[in-house]
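The values are calculated or read from the model by the stated rules, or taken from the named source; none is laboratory data. This one's a predicted model, so the numbers in the text were calculated from it and none came from an experiment. Quick reminder, even Gly has a Cβ in these numbers, built from the backbone with ideal geometry, and neighbours come from all protein chains shown. For the accessible areas, the whole protein counts, side chains as well, though only heavy atoms, and no ligand, DNA or RNA atoms are used. Shrake-Rupley method; radii C 1.70, N 1.55, O 1.52, S 1.80 Å.
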Amino acid sequence: MTTYRRRSHSHWGAFTAEVRDGRLVGVTPFERDPGPTDLITSMPASVHSPMRIAEPMVRAGWLEHGPASKARRGAEPFVPVSWERALDLVAEELARVKTGFGNRAIFGGSYGWSSAGRFHHARTQLHRFLYGFGGCVAQVTNYSYASALVLLPHIIGTVEPVQSRITDWRSILRHTNLMVMFGGASLKNGQVSAGGAGAHEYEPWLRRARAAGIDFVNISPVREDTAGFLQAEWLAARPNTDAALMLGLAHTLYVEGLHDQAFLERYCTGFERFVPYLTGAADGQPKDAEWAARITEIDAETIRALARRMAKGRTMLTAAWSIQRGDHGEQPYWMLIVLAAMLGQIGLPGGGFGFGYGSINGMGTPRQELPTPAMSAGSNPIGIAIPVARVADLLLQPGASYEFNGKTLTYPDIKLVYWAGGNPFHHHQDLNRLVRAFQQPDTVIVHEPWWTATARHADIVLPATTTVERNDLGAASRDRFILAMPQVIPPLGQARNDFDIFSDLAGRLGFREHVTEGRDEMGWVRHLYDRTRAEVLGRNVEMPDFDTFWRDGFVEFREPTEDYVLFEAFRRDPEADRLRTRSGKIEIYCETIAKMGYDDCPPHPCWLEPAEWLGAASAARFPLHLVSNQPRTRLHGQLDDGPVSRASKVAGREPCWIHPADAAARFIADGDVVTVFNDRGRCLAGAVVTDRVRPGVVQLAAGAWFDPAEPGVPGALDKHGNPNVLTYDRGTSRLGQGPSALTALVEVEKFVGTAPRVTAFEPPPIVRQATVDA
C-alpha cells in the first residue's frame, strides 16, 4: 500500500491531501488558515464520484447524423469514442463552422469558477485557443455583480468597490460605530474565493468587530444573512425594496437637516436635480418614511430612527452583491452611494460605503496591492462579446438587436457553442428557456469532469481533470498567499487537462505554437510564478525562487502597515485626485446616463417597481417571493455530489425555507416534499419550516444539480430543487443587462403521493458503438 500526503489548493481553501494507492482519501486544512471550511471534506467523494466522465463521449444522434441532429439534445444516450476520434470530430466541426459561417458563429463564453489554479483556468485556456483560431463571441461582466460593473464607472469612475478593494476591517474596527448592511453579510459566502483562500479571515474579523462594540443592522428577508454572534438588529424588508428604504432614509436626513451639504457641494454633482424627486416636488409623492414603509413593510418610525442613528456617528453602509441581482438592480447600488454622500463620510476611516462585505472571502481583509499569477487569454480578433447573462437571448434570438450601456448591438447567429469551465445550468435563470436555447446551435462541445446538466446537453463531451489531477498555482487578489498546487493523484480514467486538449486541437488546426509558446504544463507554471516574482520585486517585495516555493508550498505576504480607506485620496484633494467620471465627482445625477434615455435606468437613483414583487398584482397568483441565494454546503453547484451538501438535503432534495405562518396556511410540515412553482417552471424541494425567513418569502439556495423528470423537454418538473427553473431571465436594465434572478414570485404546495426519485447523481445512458451502428 502506497500512502503519501501532499499540499494543494481549491476555491474553498488550501489543504493537505492524503493519498492511498492513487486514491484521494482525506484532506486536512492548511495550517495557516484561521477559519477553514468543512467544504474541503467533500473533495474525496467528489473527485472519485460515480458522476466522473471516464472517457470522451458523443451524443448518439449527433454521432450518427452530425449537426443536423439537435432536437433531442439533453435526452439521448452517449457513445464513448477514442481521444483521437473525439479531437478529430471537434477540429473538423470548428473548421466547418469557421469556413461556412465565420468566427461570429462560434460562442466561447464559458463563464464559471472552473479552477482555483491560475494556469488551468478553463475560461482563459478556451479563449486563448479560440482567439488563436480567429476569435469567437465572448462574454463581458459576470453573474455576481454585473449591473454594478456597468453602473459604477459612470457614478464613481471605478469598479474597485466591487471588484477589488474596499475600506478594510482594521479601519472599521478602529472608527466605525454603526454598520448598516443591505442584504446582510453572510458567513457562508466567506467560505470561498475565486483563486482560493489560504486564509479564511472573514469570520475572525467579524468577531473582532463585534468585540469592538460596533452595532450592526441586517436589512434582509433572511435573518441568517448576518452571523448570530453579531446580535444585529433585523429589518426584514420585502425583497427588491432596498432602493425605496434608502430613499426613505435619505428623505429623513434631508428634511431634518442631517445631511452634509458641504460634502455634497464639494465632492458630488447633481444633488440639486435629485432633491425634487426625493421631496416629491417633481411628481407629487414625497419619498418619506411613510411612503417607504408602505413599500418595504418596515415601520416608518423605525426608518426615521435608523436615519438619525446613521447621522449621529461614524457609519459604514454596505450592500451585498445580491441586491443588484434583481429587476432594476442598478438602483439600490446607486442609491447607497447617494445615501453615503448625504452622510458626508465617504473617504473617512470607517465610514462611507462598501460593496460585498461577506459576499466572498477576503472583502475588506487588509492586504498589500500586489499582482498575482495570471494567464492571459490575449485579445479577441473579432471583438464581439455579449453581457454574460444574455446567453439564452443570444441563442434564441439571432439577429435581434439589444441595448447595453449606451450602445445598440446585434446578437450573432451561433452555430457552435464551446464550453469549458462553469455550468450555465447552474448560473443562468429560467432553465426551461435555457433548455430551448441549447437546442438551437448545430453543435455543443463541453469539457467537464462530471456529468453536470451542461455536459448532458452537449454533443461532444471531453473528460477534464480536477484540481488535484494537475500542476498549478493558486492565488486570489484578496488573499495574502500564493500556493503551490502540485499534482496530487494521476488523472482518473482518460481525463486530460484543458491545456493539453487545446494544444492537440491547435496542432490539428495549424496553430499549436500560439497555445503552447513552446512550454509544457510545468514550464507555464514556472513562467507565471517567475513573472509574478519579478513584478513584486519592482514593488520592493521579495519572493523565493520557484524551486524553493514549490518545495515549501506557499508564499505569504505581510499585511500593510496602514489602513486602507476607500476614496481617502479623493476626499483629501478632489481636484488632484479627480474621479474618472464625466464631472470628476460622484454623480448623483448622471448626464451620461441621461443621454442614453433609458426609462428603466433614469439619470438619478429612484424606486422603480420590479416586474415581480410582493406589492404587485401578480402576487395574488404567486404570493411568495423566492430568494435563490448562495448555498452554505457547496460552491454554486460544485460539490453538490459531496457528503456535506448531500447531508443537508431534505427528503433527498434541496431544502426550502418557509415561514411557519406560510407553511400552516398550506398545511406544510417540516420535512414534507413540496412543489415550488410559477409560470416559468416547477421543482420539488424539502420543506424547512422556520422563522429565519420573513413571512411571504421562501429561500431555496442555488446549486442543486438540475434534474428534470423529462430530460431535454422544456417545462419538465425538476425533481431536485434547482431554483433557476423559476427565476426571471431579463436584464436588470438596458444599461447593465445583469441577471435578475432575485426577482421571482412563486407558490408552494405540499406534494401528495410518491415523489419521483432524484437521479441528478446518476450518469446518463451510455451505449457502445456497436449498439449505435446496429
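Which is farthest toward the positive dipole end of the chain among L431, F751, L537, measuring Cα position about the Cα centre, with Cβ charges +1 (Lys, Arg) and -1 (Asp, Glu)?
Result: L537, furthest along the dipole toward the positive end.
For a quick protection proxy, order the peptides 447-453, 536-542, 265-271 by their average other-Cβ count within 10 Å, most packed first.
Highest mean packing first, the order is 447-453, 265-271, 536-542.
Of (1) 64, 33, 26; (2) 41, 31, 26; (3) 58, 33, 28, which is the value of semi-axes √(5λ) of the Cα gyration tensor in Å derived from the coordinates here?
Checked against the structure: label (2).
If you roll a 1.4 Å probe over the chain with all protein chains in place, what percent of the accessible area is carbon or sulfur?
Solvent-exposed carbon and sulfur of the chain make up 48 percent of the total.
Tell me, rounded to the nearest percent, the portion of alpha carbon pairs in region 1-128 spaced more than 18 Å apart.
71
Would you work out if region 678-767 is rounded, prolate or oblate? Take a ≥ b ≥ c from the square roots of the eigenvalues of the alpha-carbon gyration tensor; rounded if a/c is under 1.5, else prolate when a/b is larger than b/c, oblate otherwise.
Cα axes put region 678-767 in the oblate bin.
Please report Rg (one decimal) and Dmax (integer) in Å for the Cα set of region 198-294.
Computed over the Cα atoms of region 198-294, radius of gyration and Dmax are 17.5, 54 Å.
On each of the three principal axes of the Cα atoms of region 569-717, give max minus min coordinate, whole Å, ordered largest first.
Result, largest extent first: 61, 39, 37 Å.
P(r) of region 215-360 in 10 Å steps, Cα pairs, percent per bin?
11, 43, 38, 8, 0
For the peptides 426-433, 237-244, what is the packing order when you average, over each peptide's residues, the other Cβ atoms within 10 Å and list the highest mean first?
Values: 426-433: 24.0, 237-244: 26.6.
Per-residue mean Cβ counts within 10 Å order the peptides as 237-244, 426-433.
Average projected area of the Cα convex hull of region 150-216, in nm²?
Value for region 150-216: 5.6 nm².
To the nearest 20 Debye, how big is the dipole of the chain about its Cα centre, given +1 on the beta carbon of each Lys and Arg and -1 on that of each Asp and Glu? Numbers along the way, then the final one.
Numbers: 81 positive and 87 negative charges, 63 e Å.
With Lys and Arg at +1 and Asp and Glu at -1, about 300 debye.
Compare the peptides 579-587, 105-113, 410-418, 698-706 by average per-residue count of other Cβ atoms within 10 angstrom and give them in order, highest first.
698-706, 105-113, 410-418, 579-587
I'd like to know which of Y357, S220, C590 lies farthest towards the positive end of the charge dipole of the chain, counting +1 on Cβ of Lys and Arg and -1 on Cβ of Asp and Glu.
Ranked along the dipole, the leading option is Y357.
If you look at just the Cα atoms of region 133-279, how large are its Rg and its Dmax in Å?
Using the Cα atoms of region 133-279, the pair Rg, Dmax is 18.5, 63 Å.
Using protein chains only and a probe of 1.4 angstrom, how many square angstrom of D707 are accessible, to the nearest 10?
Result for D707: roughly 10 Å² accessible.
Can you classify region 441-543 as rounded, prolate or oblate using the Cα gyration tensor, where a ≥ b ≥ c are the square roots of its eigenvalues, rounded means a/c under 1.5, and otherwise it's prolate if a/b beats b/c and oblate if not?
Prolate, since a/c reaches 1.5 and a/b exceeds b/c.
Counting Lys and Arg as +1 and Asp and Glu as -1, each charge on the Cβ, what is the dipole of region 591-672 about the Cα centre in debye, to the nearest 20?
Details: 8 positive and 11 negative charges, 70 e Å.
The dipole of region 591-672 has a size of about 340 debye.
Please give the direction-averaged projected area of the C-alpha convex hull for region 14-76, in square nanometres with one decimal.
The Cα convex hull of region 14-76, projected and averaged over all directions, gives 6.9 nm².
Which distance in Å, rounded to a whole number, links the C-alpha centroids of region 612-654 and region 236-308?
A separation of 32 Å, based on Cα centres.
At a probe radius of 1.4 Å, what is the per-residue accessible area of F751, in Å² to the nearest 10?
F751 exposes around 50 Å² with every protein chain in place.
Could you work out the helix-only [θ] at 222 nm for the chain, with each DSSP H run of four or more residues adding -39,500 (n - 2.57) and the total divided by the number of residues, to the nearest 500 deg cm²/dmol? Don't jump to the answer; show the numbers that get you there.
Details: 27 runs with 227 residues, N = 774.
Result for the chain: -8000 deg cm²/dmol, rounded to the nearest 500.
Give me the three principal axis extents of region 267-348 from the C-alpha atoms, as integers in angstrom, largest value leading.
Per principal axis, max minus min of the Cα coordinates gives 35, 30, 28 Å.
Would you check the accessible area of V525, probe 1.4 Å, heavy atoms only, in square angstrom rounded to 10?
Estimated to the nearest 10 Å², V525 gives 0 Å².
Would you work out the Kirkwood radius for region 244-309? I mean one over the mean of 1/r across all pairs of different Cα atoms, in Å.
Values: mean 1/r = 0.0828 Å⁻¹.
Kirkwood radius, region 244-309: 12.1 Å.
Under the classification rounded if a/c is under 1.5, otherwise prolate if a/b is larger than b/c and oblate if not, where does region 502-657 fall, given a ≥ b ≥ c as square roots of the Cα gyration tensor eigenvalues?
oblate
Measuring with a 1.4 Å probe in the full set of protein chains, what accessible area per residue, in whole Å², belongs to the chain?
Spelled out: the 1.4 Å probe surface of the chain, per residue, equals 34 Å².
When only Cα pairs under 8 Å and 6 or more residues apart are kept, what is the percent relative contact order across region 387-474?
23
For the full complex of protein chains and a 1.4 angstrom probe, list R23, R571, R478 by accessible area with the highest value first.
Details: R23 120, R571 55, R478 30 Å².
The ranking, largest first, comes out as R23, R571, R478.
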